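Notes follow once the structure below has been shown.
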Amino acid sequence: KHPFFTPRTLLLPILIPVVGFCAGFANGFFGTGGGILLIPILKRIHTRISSEDTSASGKNAYVSALVCMIPLSLLSLTLYVTKGLLSFDGADPSIWIPCILGAIPGGLIGAHLLDRIKPKTVDLLFTLLLLFSGYRMAFPS
């Protein structure tokens, strides 16, 4: 009996595209946020359908969210540019080039550490990131 076809998981073929739609909507509307929606939901889905331990399911959720977000971000970027909602005219290369150059090793180190840090620690760090981001949005100065 495959774990995907249990009474608890029969709605997943409907739920997963709905979750993807919501992530796409958030990414298209806000320009970000799709991954923030995906991670906790995919974590729960991976836990339900996986025969692996919970820690592997959590890591799979982060990786699955990233795999979903790459094409979604490229699509959003393309639509923003083609509709004239994003212009590189005012973009200061002295800011975005060093930012990209820092983001590349940061992404590599983060991906490397994901495999080495306890899942509960990863969840705590993600939660703190969300709380900090929410606080900065609510109280910008």
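Checked against the criteria, PHE132 does not count as closer than 20 Å to HIS46 by Cβ and part of a helix (DSSP H, G or I).
Within the range 93-141, track down each residue that is acidic (Asp, Glu) and open to solvent by less than 70 Å² (accessible area, probe 1.4 Å). Scanning the range 93-141 gives a single hit, ASP123. Residues in the range 25-43 include none that are hydroxyl-bearing (Ser, Thr, Tyr), open to solvent by 70 Å² or more (accessible area, probe 1.4 Å) and at pLDDT 85 or above. Here PRO17 clears all of (1) crowded, with 16+ Cβ neighbours inside 10 Å; (2) under 15 Å from SER64 (Cα atoms) except the condition numbered (1).
When SER94 is tested against (1) assigned to a loop (DSSP other than H, G, I, E, B); (2) farther than 26 Å from PHE25 by Cα, just one condition goes unmet, and that condition is (1).
The values are calculated or read from the model by the stated rules, or taken from the named source; none is laboratory data. A quick note: this is a predicted structure, and the numbers were derived from the prediction, not measured. We place every Cβ from the backbone using ideal geometry, glycine too, and count neighbours over all the protein chains shown. For the accessible areas, the whole protein counts, side chains as well, though only heavy atoms, and no ligand, DNA or RNA atoms are used. Shrake-Rupley method; radii C 1.70, N 1.55, O 1.52, S 1.80 Å.
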